[in-house]
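The values are calculated or read from the model by the stated rules, or taken from the named source; none is laboratory data. Just so you know, these numbers come straight off a predicted model, no measurement behind them. Backbone-built Cβ (ideal geometry, glycine too); neighbour counts: all protein chains shown. Each accessible area value is taken on the protein alone, full model and side chains, heavy atoms only, with ligands, DNA and RNA left out. Shrake-Rupley method; radii C 1.70, N 1.55, O 1.52, S 1.80 Å.
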Amino acid sequence: MTPVFAYLAQQEILLLFLLVGFGALLGHFKIGGVSLGAAAVLFLAVAVGAWADAQGHKLVVPETLGGFGLILFTFSVGLMSGPNFAAALRRGLAPILTMVLLLVIAAAAAVGVGRLLGLESALVAGAFAGALTNTPALAAAREAAGHSPLPTVGYAVTYIFGVVGMLIATSLALRHRGQDRDAPTPLVNCTVRVETAERPSIGQIGQRHGGRIRFSRVRHGGMMFPVLPAAEDDVLCRNDLVTVVGPADEVDQVVRELGHASSHVLQADRSEIDYRRITLSNGKIAGRALAEVNLLERFGATVSRVRRGDVDMLASDQLVLQLGDRLRVVAPRERMAEVSKYIGDSARGLSDVNPIALGLGMALGIGLGKLVIELPVGHFAIGSAAGTLLVGLLLGRLGRIGPFVTTLPVTAAQALSELGLLIFLAQAGTKAGAQIGVAFTSGAWWKIALLGAVITLLVGLGLYLAMRHFFAMGGTRLSGVMAGTQTQPAVLAFANGRTGHDSRVAEGYALVYPAAMISKILLGQLLGGL
């Protein structure tokens with residue numbers, strides 16, 4: 001293999017894509033019904049890097065490429081999580097504080113166990129960073145330790161189990177995902193025959209249910225009258241037929257309030273009112289709330305559902321539309337072509353990378369990450385990964401600034417995040433593989449490995465117990481929280497692969513990632529200076 005390693009050492013881009021391709025191939029194999037997915041790229045890169053190093057060759061993907069992959073990944077995750085992040089943050093402040101407390105306890109345990117094992121403070125600081133797989137924390141520890149090589153040794157020894165240990169904890173959490181209580185309720189529709197004498201308007205019923213249901217069609221006065229798109233000011237009278245869309249429990253309540261489920265299905269009558277899925281590719285509409293688009297006034301059309309990625313959402317008036325959304329439109333047959341043209345209905349809506357938002361957003365995030373924050377005990381920067389994640393969350397939440405759309409289609413963001421993740425894992429793996437040989441020549445390697453295992457398991461099992469038993473968090477969201485706490489894309493990739501990219505995984509990851517990143521940098525700096 002020596003000639004091959006000698007050649008690949010001069011061909012960094014070829015090396016990168018060989019690791020990505022073969023690593024992804026290995027990730028498809030299942031052991032006990034479980035596959036590593038993208039995380040296999042990391043382990044292959046570690047193995048190849050260590051093997052080449054033993055043969056006297058340095059196979060390392062350039063750090064600039066790894067950094068690019070990481071910020072592309074974190075920015076894309078931020079964009080995808082932004083629309084739901086504010087609501088998740090309101091629910092998640094206590095879990096965030098609990099996660100920070102666990103990291104502080106892990107740092108205190110690292111000091112205590114490290115002293116029992118007779119390890120130097122710089123080694124302990126590096127082991128802490130490696131056990132929690134956080135390179136910025138390693139950099140902070142090295143700076144606080146006077147640029148000693150010891151933190152790097154501790155980091156290299158503990159890094160692998162830092163990934164494997166949290167993968168085990170994540171797999172444990174996902175075993176219970178079938179019992180999740182926070183799973184989104186699937187949307188259903190039902191045609192209701194009105195029997196109440198109250199004569200409520202559709203708008204009144206919607207307000208009574210907090211906007212959790214939506215009406216798509218209505219037929220007033222009997223079968224001889226046409227089916228019409230439902231409007232807020234429509235008054236429902238006895239024997240009217242109306243189609244309601246929403247979560248099953250809410251729809252059942254509406255049926256009981258208004259009358260009974262009808263054997264007539266209004267959506268089956270397409271003689272005058274038709275429906276279809278239309279892809280949003282018109283940038284003038286993207287980033288605006290559905291109410292602002294006002295399809296009813298323009299075309300006599302309504303939207304009952306919006307499909308974003310693989311998730312169906314109720315089309316509430318407050319829902320901010322994004323490029324690539326697929327709108328379930330109900331409209332008069334003769335006006336459907338106009339509606340389709342106005343919304344766009346182009347495949348470009350699924351793949352447009354929006355270079356303005358991508359370029360300026362990532363630049364702003366990198367700048368934020370490099371901003372130095374002065375503290376009484378020193379200074380630190382949150383790093384480009386955390387900076388791009390925060391900016392991505394903000395832009396994803398805003399949706400639009402003036403004439404400019406600030407988001408990417410979910411499908412494009414998913415593709416970019418996957419590409420960035422694979423590049424980062426290949427680079428991180430080769431870097432760890434090149435260092436691991438030197439690390440294991442240290443006579444204290446087993447003590448360092450033991451210390452790292454204690455830290456990783458303390459955080460992983462602590463998260464599992466605290467989030468499930470104190471906050472009743474479902475396994476799907478918990479897997480994202482574990483990946484975010486570990487600030488480890490490989491764990492996120494594993495969770496996404498096991499859950500089919502369930503949106504709750506990304507929400508959990510984005511919820512805790514910034515606080516975890518900042519906490520670990522500060523704790524690494526503190527441990528390195530002891």
remark   = Rounded to the nearest 0.05, FRET efficiency between Ala261 and Glu232 (Cβ-Cβ, R0 35 Å) equals 0.95
inquiry  = Can you compute log10 of I(q)/I(0) for the stretch 68-183 with the Debye formula, treating each Cα as one identical point scatterer, at q = 0.13, 0.18 Å⁻¹?
reply    = -0.70, -1.12
inquiry  = Multiplying the sequence separation of Ala248 and Leu89 by 0.36 nm and subtracting their Cα-Cα distance, what value in nm do you get?
reply    = 54.6 nm
key: Descending principal axes extents, the stretch 166-248, alpha-carbon based, whole Å   = 62, 24, 20
Residues with amide H under 5 Å from that of Ala9, placed H, sequence gap 5 or more = none
inquiry  = How would the stretch 278-347 be classified by its alpha-carbon gyration tensor: rounded, prolate or oblate, with rounded meaning a/c under 1.5 and the a/b versus b/c comparison settling the rest?
reply    = rounded
Residue-normalised accessible area of the chain, expressed per residue, 1.4 Å probe, Å² = 42 Å²
ask   = How many nm is it between the label spots at Thr196 and Arg348, if each spot is 7 Å from the Cα in line with the beta carbon?
value = 4.6 nm
ask   = Tell me, in nm to one decimal, what length is gained between Ala6 and Trp51 on full extension, where the rule is 0.36 nm per residue of separation less the Cα-Cα distance?
value = 15.0 nm
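How much of the calculated P(r) for the stretch 1-142 lies past 28 Å, in percent of all Cα pairs?
44 percent
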Helix axis angle, 121-131 relative to the chain longest principal axis, alpha carbon, degrees = 40 degrees
query = Which whole-Hz couplings ³J(HN,Hα) result when phi for each residue of the stretch 343-360 is put into the Karplus expression 6.51 cos²θ - 1.76 cosθ + 1.60, θ = phi - 60°, listed in order with x for Gly and Pro?
reply = 6, x, 6, 10, 4, 4, x, 8, 10, 5, 7, 6, x, 5, 5, 5, x, 5
ask   = D for the stretch 323-414, whole µm²/s, Stokes-Einstein with Kirkwood Rh over alpha-carbon pairs at 4 °C and 1.567 mPa s: what number?
value = 83 µm²/s
remark   = The ³J(HN,Hα) series, computed from each phi in the stretch 363-368 with the Karplus coefficients 6.51, -1.76 and 1.60 at θ = phi - 60°, rounded to the nearest Hz and given as x for glycine or proline, is 4, 5, x, 5, x, 4
inquiry  = Can you give me the angle between helix 410-440 and the longest principal axis of the chain, using Cα atoms only, in degrees from 0 to 90, rounded to the nearest 10?
reply    = 10 degrees
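Need one word for the stretch 194-288: rounded, prolate or oblate. Basis is the Cα gyration tensor (sqrt eigenvalues a ≥ b ≥ c); a/c below 1.5 gives rounded, then a/b vs b/c decides. Mind dumping the intermediate values first?
Values: a/c = 1.92, a/b = 1.34, b/c = 1.44.
Oblate.
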ask   = Want the number for Met224 to Arg468: 0.36 nm per residue separation, take away the alpha-carbon distance, what's left?
value = 82.3 nm
inquiry  = Can you sort Glu63, Glu297 by solvent-accessible area, 1.4 Å probe, largest first?
reply    = Glu297, Glu63
key: the stretch 419-437 versus the stretch 226-274: alpha-carbon centroid distance in Å   = 56 Å
ask   = For the stretch 355-507, what's the radius of gyration and Dmax over Cα atoms, in angstrom?
value = 18.7, 62
ask   = So, how do all the Cα-to-Cα distances of the stretch 417-530 break down into 10 Å bins, in percent, from 0 on up?
value = 12, 35, 37, 15, 1
query = Simple spin-label model, 7 Å along Cα-to-Cβ: Arg288 to Thr64 in nm?
reply = 4.2 nm
note = Percent of all alpha-carbon pairs of the chain at distances over 33 Å, whole number, is 47 percent
key: Under 25 Å from the Cα of Lys370 - lysines, other chains or at least 8 residues apart   = Lys431, Lys520
inquiry  = For Thr170, Thr135, give me the order by solvent-accessible area with a 1.4 Å probe, most accessible first, ignoring ligands, DNA and RNA.
reply    = Thr135, Thr170
remark   = In degrees, nearest 10, the alpha-carbon axis of helix 150-174 is tilted away from the dominant principal axis of the alpha carbons of the chain by 30 degrees
